[in-house]
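Structure record follows, encoded as structure tokens.
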Number of protein chains: 2
Amino acid sequence: MVDRTGRRPTIYSVAERAGVSIATVSRVLRRPGEVRASTRDRVLAVVEEMGYVPDGAARSLAVKSHEAHGLVLPELRGPYYADLLTGYEQGAAEGGASVVVLLTHGKDDVDLLVRRLAGRVDGMVLMGAVPVSSRTVDAVRAKLPVLVLADRHQDAVESFSTENVGSAEQLTRHLIEEHGRRALRFVGTPDIADDVQERYAGFVAAHEAAGLAPADPVPATFREDDGPRVAALLLDGELEADGVVCANDELALSVMQRLLAAGVDVPERISVTGWDDVMAARYVTPGLTTVAQPVRELGREVAVRMRGLLEDRHSAPERHVLPTRLVLRQSCGCP
Amino acid sequence: MVDRTGRRPTIYSVAERAGVSIATVSRVLRRPGEVRASTRDRVLAVVEEMGYVPDGAARSLAVKSHEAHGLVLPELRGPYYADLLTGYEQGAAEGGASVVVLLTHGKDDVDLLVRRLAGRVDGMVLMGAVPVSSRTVDAVRAKLPVLVLADRHQDAVESFSTENVGSAEQLTRHLIEEHGRRALRFVGTPDIADDVQERYAGFVAAHEAAGLAPADPVPATFREDDGPRVAALLLDGELEADGVVCANDELALSVMQRLLAAGVDVPERISVTGWDDVMAARYVTPGLTTVAQPVRELGREVAVRMRGLLEDRHSAPERHVLPTRLVLRQSCGCP
DNA sequence: TTCGTCGTCGTAAGCGCTTACATAGCGTTC
DNA sequence: GAACGCTATGTAAGCGCTTACGACGACGAA
């Protein structure tokens, strides 16, 4: 399994053992059609026997391609990022590229890590929520194609996102028109991320269309931990509402659970809605009304687009928005 | 931003522009202490100005290290793999390595992909459930350290897993002793994966300890889709049981929901338990009794161990088992 | 027979880094 | 003031691949 030098086999040891030149070994592996069958078989036998695996770094250096994409996400909680990664990996794999993931949560040198990553991949996908300076983004963009997800649209940089304003408006209108809600609150901090902002915008739009005054958002993070706090405000009467439109499902589930535990009738007295359609949303009682995003498809499309950019670096930046789907269950008041 | 050749800057263009040799540029970036402050500043200024990012492949080739680990998982559904990856990425990042993920689900040339991956990383972690031939595993092991997760313990290859037999036994005993169950069924296909096998073994052990005859397992995959089928068996009376020990939470949730929808009193008439403690487990009613695994810690420990192996390749293969924790909620019969 | 063609394979020049070693400059020491 | 040591930097040899180019022989056509 080891050549005479005691090190792992290289293309040289394989060539020597098979009695051919290194060029032939390379051809056997990359363009088998160009070498005579008998030679090919002999070389393949040696490859197998020695357990030769070509060094990716050397290949990358020679072909000037890393055959890898970088995917930078804040974390991996919840189904969103995992699905995104799943779809992306699939799309990248279809083009023969692997994906290097960088999770920024808890790291304090994100800019450095992103720059370093830029040296090891052919293209990079940045989640809007990652804390990276625009200086760094610019530096990386100068070197390779960059795609941004769910971020405020900076011109010049191509972005993907799922539709937010429209579906938030539709959801809110549903609560107002179908369930007669008049005192809705949006739970989530718009400044925290671009999509939250858009969801709130939809919330506002629906109110204006109905001639109602939209209330200010109730600040909350995406984490479950904030649910109890918000529920307490509702229970104490500090927050008067007959419905809460939460920025995501974790928050909604957590709020709803607290309300139910306190004996509040959901949805009779208060409607609760979420966003994302996590698994728990269809198992809880009442079922959580929410908005489903085609996250896996999103991931795949992003990867496909990245492959396109790698082919043709000069295509103009586009803006992609994927449609979402309102999922009506019982927590809004539907039967 | 681009040197005179129109290509991206290399260490040569930076050196030329800064009026130093490439060795000095390299030193500025890797061992700043060895170069005079004035020179260093000058070089750094040029680096910044040109937007220079060292090529990872060239570096890897020179230092003979990819500074990356491979993580091969079947998929990314549910919190298990996502948490594992999160923990692993953290542990790897602490050692300055990035992680390349390979998802095997839906791919038919897994062996080839794994071999190829082996050429781009310094070490590889294989989930037991990935469909890879042992020939391939051996070939990869000959080249770099391999760690296996939740797999049948092949000697020689180091493995990590969470405790299964003991906690399954404990869970089953709880159902028998505390809730007086006498006709339990295990839902899951032991052959499918090593951990399912172990969980069933614990199920059997508890029965034997109680002087009861353990029933055969009811085959089912990890997916939610199998829940309705199993529930139907229970409802039709084809399966007589006063409790089902499911191989994971998805299955358990799905079965439980069907039973409840059909008017069966869970846990009064039938206890239901799962495994993994997914988020939905604490939001459903009744709360799902399950077993929590320290997945993130597992991931991190695996990464740390991998870094150790990379330092000292000759350490003997160890077998690591992390403890799990029984989470009693109401679906077993507890108040 | 001669020449061109084609298929097969070897030679060698990179790809962009790191680093051992050599060298130059300069302050110390006796 | 010569010998020495130390620091800062340059020179150049790889690292293991890919591939342009050319050599060579076999073969068919003229």
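Rank by packing, highest mean first: peptides B:35-46, A:17-28, A:310-321, with packing defined as the count of other Cβ atoms within 10 Å averaged across residues. Working shown, then result.
Working: B:35-46: 15.2, A:17-28: 17.9, A:310-321: 11.2.
Top of the packing list down: A:17-28, B:35-46, A:310-321.
When a/c reaches 1.5 or more, the comparison of a/b and b/c decides; with that in mind, is the range B:165-293 rounded, prolate or oblate per its Cα gyration tensor?
Numbers: a/c = 1.33, a/b = 1.19, b/c = 1.11.
It comes out rounded by the Cα gyration axes.
Amide H to amide H, which residues 5 or more places from A:Val100 or on other chains are under 5 Å from it, using H placed in the peptide plane?
Amide H neighbours of A:Val100, under 5 Å, 5+ apart: A:His69, A:Gly70, A:Leu71.
Students often get this wrong, so check it: of A:Lys64/A:Lys107; A:Lys107/A:Lys143; B:Lys64/B:Lys107; A:Lys143/B:Lys143; A:Lys64/B:Lys64, which have C-alpha atoms separated by over 26 Å?
On the way: A:Lys64/A:Lys107 30 Å; A:Lys107/A:Lys143 24 Å; B:Lys64/B:Lys107 30 Å; A:Lys143/B:Lys143 32 Å; A:Lys64/B:Lys64 18 Å.
The answer is A:Lys64/A:Lys107; B:Lys64/B:Lys107; A:Lys143/B:Lys143.
Name the residues whose placed amide hydrogens come within less than 5 Å of the amide hydrogen of B:Leu149, ignoring near sequence neighbours (fewer than 5 apart) on the same chain.
Sorted by chain and number, the residues that satisfy this are B:Leu126, B:Met127, B:Gly128, B:Phe160.
Where in the range A:280-305 does the amide nitrogen come within less than 18 Å of the point 7 Å from the Cα of B:Asp225, taken along Cα to Cβ?
A:296-297
For the range B:38-96 and the range B:181-231, what is the centre-to-centre distance using only Cα atoms, to the nearest Å?
Using only Cα atoms, the two centres lie 42 Å from each other.
Just from its helices, what would the mean residue ellipticity at 222 nm be for chain A, if runs of 4 or more DSSP H residues each count -39500 (n - 2.57) and the sum is divided by every residue, rounded to the nearest 500 deg cm²/dmol? Write down the numbers at each step before the final one.
Details: 12 runs with 145 residues, N = 335.
That calculation yields -13500 deg cm²/dmol at 222 nm.
Report, for A:Glu268, each distance to the same residue's label point in the other copies, shortest first and in nm; define the point 7 Å along Cα→Cβ.
Those separations, rounded to one decimal, come out as 2.1 nm.
Using only the C-alpha atoms of the range A:11-54, find the volume of their convex hull and express it per residue in Å³.
Details: hull volume 2.5 nm³, N = 44.
Cα convex hull per residue, to the nearest whole number: 56 Å³.
How would you classify chain A from its alpha-carbon gyration tensor, with a ≥ b ≥ c the square roots of the eigenvalues: rounded for a/c under 1.5, else prolate if a/b is greater than b/c, otherwise oblate? If you can, show how the numbers build up before the last one.
Numbers: a/c = 3.03, a/b = 2.62, b/c = 1.16.
Verdict is prolate for chain A.
What net charge do the residues around B:Pro32 carry, taking every other residue with its C-beta under 15 Å from that of B:Pro32, with Lys and Arg at +1 and Asp and Glu at -1?
Working: positive: B:Arg27, B:Arg30, B:Arg31, B:Arg36, B:Arg40, B:Arg42; negative: B:Glu34, B:Asp41, B:Glu48.
Spelling it out: positives minus negatives among the neighbours equals +3.
Please get the size of the charge dipole for the range A:11-54, origin at its Cα centre, with Cβ charges of +1 on Lys and Arg and -1 on Asp and Glu, quoted in debye to the nearest 20.
Values: 7 positive and 5 negative charges, 40 e Å.
I would put it at about 200 debye.
With each pseudo-label sitting 7 Å past Cα toward Cβ, what's the A:Glu48-A:Val264 distance in nm, one decimal?
Result for the modelled spin labels: 6.8 nm.
Take every DSSP beta bridge whose two residues both sit in the protein assembly as shown, then give the antiparallel share in percent to the nearest 5. Let's see the in-between values first.
On the way: 9 of 68 bridges.
Around 15 percent of the beta bridges assigned by DSSP in the protein assembly as shown are antiparallel ones.
What does the charge dipole of the range A:165-293 about its Cα centre add up to, to the nearest 20 debye, if the Cβ of each Lys and Arg holds +1 and the Cβ of each Asp and Glu holds -1? Walk me through the intermediate numbers first.
On the way: 10 positive and 22 negative charges, 58 e Å.
Dipole size: approximately 280 debye.
Using the Kirkwood formula over every pair of different C-alpha atoms, what hydrodynamic radius in Å results for the protein assembly as shown?
Numbers: mean 1/r = 0.0363 Å⁻¹.
Evaluated over the protein assembly as shown, this radius sits at 27.5 Å.
Based on DSSP, what percent of beta bridges with both residues in chain B are antiparallel, to the nearest 5? Present the calculation step by step, with values, prior to reporting the outcome.
Details: 3 of 32 bridges.
In chain B, approximately 10 percent of DSSP beta bridges are antiparallel ones.
Using a 10 Å cut-off on Cβ to Cβ distances, tally the other chain neighbours for every residue of B:55-65 and report the average as a whole number.
Numbers: counts 8, 12, 16, 5, 4, 8, 8, 2, 1, 4, 1.
The per-residue average across the peptide is 6.
Could you give, in nm with one decimal, how far B:Asp216 is from each other copy of that position, shortest first, with labels 7 Å out from Cα toward Cβ?
Label-point separations across copies, in nm and ascending: 6.6.
Modelled label-to-label distance, A:Ala58 and B:Ser21, 7 Å Cα→beta-carbon offset: nm?
2.6
With a point put 7 Å past each Cα toward its Cβ, work out how far B:Lys107 is from B:Ser134 in nm, to one decimal.
2.3
Would you please give the residues with an amide H less than 5 Å from that of B:Lys107, counting only those at least 5 places away or on a separate chain, with H modeled from the backbone geometry?
Long-range HN contacts for B:Lys107: none found.
Per 0.36 nm of contour for each residue apart, how much would the distance between A:Ala316 and A:Leu328 grow if the chain were fully extended, relative to their Cα-Cα spacing?
0.5 nm
Bear in mind these aren't lab numbers, they're just calculated from the coordinates by the rules spelled out. What you are looking at is a predicted structure, and each value in this text was computed from that prediction instead of being measured. Cβ atoms come from the backbone with ideal geometry, glycine included; neighbour counts cover every protein chain shown.
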